[in-house]
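Right, one structure below, let's go through it.
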Amino acid sequence: MENQVKEKTSEPNMIVFARQLYTPLQKDIFTLAVSQLDTGFNVQPDLFANKTVVITAKMLSEVAPKDYQRLKRECIDMQTKALVVSNDAKEEFDSIIPFPRIKYKKGKIELTMFADVAQSFLELQRGYSEIYVRESLSLEQFNKKRLYEMLCSYKKRYSPIWTVYDEQLKYSLGYENNEYKGRPKEFGTKIIGVCVNAINEKTSLNVKYIREKDREGWYTVFTVSEKKVIEATTGREMLVQALDEKGQRLVKRLGELNVRQDHIRTIIDKHQADCWKWLSVNRVNLEAKKFKNPAGVMLVHLGLVEPKA
């Protein structure tokens, strides 16, 4: 299982809403590592022993070049960055280094989490966010990944509305409070608007927002819902828009081939005819399992990914 990217992960809201200052690659390593943890409700105390999780460099191949020196720099730098959980009204904070030891050998990244930190990550009793791992990896910037996972905590609530002041939102997204100071409209368009557009385009969330101001300052009201889903024959949830019967059959077929959800959306939007033609021409080869990676071959044919050198 360590060579596979899990479809979903559950992260405690305490961690989701902590201040994080990672680079995009560090955030992907963090998300993949947390997805390997066996989180749950009322987890047993013996699970809080020092935890080591393993991810592979191949998991990062779609979002980062295979560059050992870069990976080394990013992992070492990652160990200097804390998650900060704070409640300034109560004058309380908790600064956490999630993975104090990171080891790399033969394509595998081993991340060790100390017992007292593991308890914060494993216990979901106080609320959690369900995150699609590949969707987070598909977002290329850190602030988009962060806003996505925070909005995920609202998608299944009775009232899926999040009202947050700019000061708190900037803090959660890793900005300093003086950034965009006196420029709330620019913050709304260049940060919030750009992030929401990417989330709506590349993930299963459907996000709407409005900007308002009161005596305490500017704030944003996010409304979160999930796009319509159907079950693929493989059992994975796949995204669909308002599709006809033929479009739904194509989504199921692509699900069987393990095509990523963001690529499925692109194919459904722009390449349905060419995709059906490729599936028809290669029907015999597919049935005979002559392609080692049929999804990759098809995506190269459709021009959605570059062929490997």
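Assorted remarks:
- Pairs over the 30 Å Cα-Cα cut-off, from the set 81/181; 27/208; 106/227: 106/227.
- Percent antiparallel among DSSP beta bridges (both partners in region 166-232, rounded to 5): 100
- Value of Rg to Rh for the chain, rounded to two decimals, is 0.98; Kirkwood radius and Rg both from alpha-carbon coordinates.
- Taking a straight Cα-Cα cut-off under 19 Å and skipping sequence neighbours fewer than 8 places away in the same chain, the aspartates and glutamates within cross-link reach of residue 58 are 2, 7, 28, 67, 74, 110, 135, 140, 262, 306.
- When the chain is treated as a Gaussian network with alpha carbon springs shorter than 10 Å, the biggest mean-square fluctuation among 180, 22, 154 belongs to 180.
- Amide proton proximity set for residue 101, modelled H, under 5 Å, gap of 5+: 112
- Computed [θ] at 222 nm, helices only, for the chain once each DSSP H run of length n ≥ 4 contributes -39500 (n - 2.57): -10500 deg cm²/dmol
- Remark: region 23-38, residue by residue, has Karplus-estimated 3J(HN,Hα) of 7, x, 5, 4, 5, 5, 4, 4, 4, 5, 5, 5, 5, 7, 7, 8 Hz, where x stands for each Gly or Pro and the curve is 6.51 cos²θ - 1.76 cosθ + 1.60 at θ = phi - 60°.
- Placing +1 on each Lys and Arg Cβ and -1 on each Asp and Glu Cβ, with no other charges, gives the chain a dipole about its Cα centre of roughly 1120 debye.
- Gaussian network model of the chain, springs between alpha carbon atoms under 10 Å - residue of 298, 14, 150 with greatest fluctuation: 298
- Sorted peptide list for 254-262, 139-147, 289-297, 88-96, criterion being average Cβ within 10 angstrom, highest first: 139-147, 254-262, 289-297, 88-96
Values in this text are rule-based calculations from the coordinates and carry no lab data. A quick note: this is a predicted structure, and the numbers were derived from the prediction, not measured. Counting neighbours? That spans all protein chains shown, and the Cβs are built from the backbone with ideal geometry, glycine included.
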